[in-house]
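The values are calculated or read from the model by the stated rules, or taken from the named source; none is laboratory data. Computed from a prediction, not measured in an experiment: that's the story for all the values here. Because the Cβ atoms are built from the backbone with ideal geometry, glycine has one as well, and the counts that use them run over all protein chains shown.
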Amino acid sequence: MSLLDTLLLPLERLAIAVGARWRKAARWHGPVAAQWRRTWRNPMEWLSLYALVLVLLGIFVIDQPLARLCKESVEGELEGFFKIVTFFGLGGLWLIPSGILTLLFLLGRRVALSPAGRERYTRLAWAPGFLFLSVAISGLIGDVIKFVVGRTRPQMLFDQDLATFEPFTHGWAYNSFPSGHTQTIFAAMVALALVFPRYDRAYLAVALLVAASRVATSVHYFSDVVAGAWLGIFVPLVLARLLAMRQIPVRYHRPHAGGGW
């Protein structure tokens with residue numbers, strides 16, 4: 001069986017099982033749809049509640065059994081695949097190019113000869129600038145939380161049978177919560193979805209895959225990943241709202257043929 005088959009077969013079986021159960025649970029269709037509408041109307045509030053529930057469930061029920069299961073079962077080509085995927089959660093991969101593009105557009109604004117040209121470069125700068133700020137701000141907040149919480153990584157569970165919290169502790173072994181790679185990829189993908197919403201499903205798929213890789217490679221616990229995802233979603237949404245209040249839209253629109261916006 002190929003690596004792709006290994007990845008897709010469990011997902012296909014899961015989708016079939018979920019679909020079958022959903023069809024049987026007809027009485028829940030209405031309440032679930034209503035809750036979905038409430039979530040859509042107030043996404044930050046409901047997502048925060050969902051994240052809190054999942055984090056608590058992870059810490060007290062899921063984290064350690066899942067970490068041991070991944071340590072024992074994820075190996076070979078599958079482990080290699082996830083180690084490649086996890087690369088996309090590196091902060092520099094998103095911060096460096098978006099920062100460079102922002103500076104180039106701001107430089108273009110400075111040398112533009114007309115007010116229309118300056119306005120155009122200003123709007124262009126907000127696309128990579130929004131991505132940069134989303135990743136950077138959520139990353140800084142995540143680093144503070146890591147230091148304050150001081151959660152031990154799964155490796156200490158495997159080596160010393162230790163799974164605890166040591167607040168205000170430095171070091172890689174004590175900065176598991178939240179997952180930095182997950183925070184980075186979700187912040188980047190949510191920012192891209194707000195700027196270029198046409199490919200929002202693809203962005204979500206990438207974010208979920210990178211998040212899964214952090215658990216599959218036994219670097220983080222399930223709850224670490226949930227918290228990182230929440231942070232990566234929350235910061236871009238708040239930032240977009242704040243910018244909208246100042247009449248700064250983050251969504252990219254192609255300039256018209258005449259050069260205006």
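Quick one: is SER176 in the same structural domain as GLY58 (by TED's automatic domain parsing) and in contact with a strand residue (DSSP E or B) (Cβ under 6 Å, 6 or more places away or on another chain)? Criteria met by SER176. Across segment 164-182, the number of residues qualifying as part of a helix (DSSP H, G or I) and loosely packed, with under 15 Cβ neighbours inside 10 Å comes to 1. Among the residues of segment 75-96, those identified as surrounded by fewer than 17 Cβ atoms within 10 Å (Cβ to Cβ) and under 18 Å from VAL215 (Cα atoms) are GLU75, GLY76, GLU77, LEU78, GLU79, GLY80, LYS83, ILE84, PHE87, LEU90.
For segment 151-163, indicate whether the set of residues that are in the same structural domain as TYR50 (by TED's automatic domain parsing), in a helix (DSSP H, G or I) and touching an Asp or Glu at 6+ places or on another chain (Cβ under 7 Å) is non-empty.
Step one: list which residues in segment 151-163 are in the same structural domain as TYR50 (by TED's automatic domain parsing), which gives 151-163.
Now drop any that are not in a helix (DSSP H, G or I), which leaves 154-160.
Filter again for touching an Asp or Glu at 6+ places or on another chain (Cβ under 7 Å), leaving none.
Checked segment 151-163: no residue is in the same structural domain as TYR50 (by TED's automatic domain parsing), in a helix (DSSP H, G or I) and touching an Asp or Glu at 6+ places or on another chain (Cβ under 7 Å).
Within segment 193-220, the set of residues being surrounded by 24 or more Cβ atoms within 10 Å (Cβ to Cβ), assigned to a helix (DSSP H, G or I) and either of a type outside the set (Val, Ile, Thr) or not assigned by TED's automatic domain parsing to the domain that holds GLN64 (or both) comprises ALA207, ALA211, SER213, ARG214. The residue list ASP161, ASP143 contains one member that is farther than 26 Å from ALA207 by Cβ, surrounded by fewer than 20 Cβ atoms within 10 Å (Cβ to Cβ) and charged (D, E, K, R), which is ASP161.
From the list GLN183, GLN160, GLN155, the one residue that fits, being within 20 Å of the chain's Cα centre (by Cα) and among the polar types (S, T, N, Q), is GLN183.
Only one entry of ALA116, ALA125, ALA51, ALA112 meets the criterion of being of a type in the set (A, V, I, L, M, F, W, C), under 25 Å from ALA205 (Cα atoms) and in the same structural domain as PHE186 (by TED's automatic domain parsing), and that entry is ALA51. When segment 229-247 is examined, which residues are found to be among the hydrophobic types (A, V, I, L, M, F, W, C), surrounded by fewer than 16 Cβ atoms within 10 Å (Cβ to Cβ) and either within 10 Å of the chain's Cα centre (by Cα) or farther than 13 Å from LEU194 by Cα (or both)? Those that are among the hydrophobic types (A, V, I, L, M, F, W, C), surrounded by fewer than 16 Cβ atoms within 10 Å (Cβ to Cβ) and either within 10 Å of the chain's Cα centre (by Cα) or farther than 13 Å from LEU194 by Cα (or both): LEU242, MET245.
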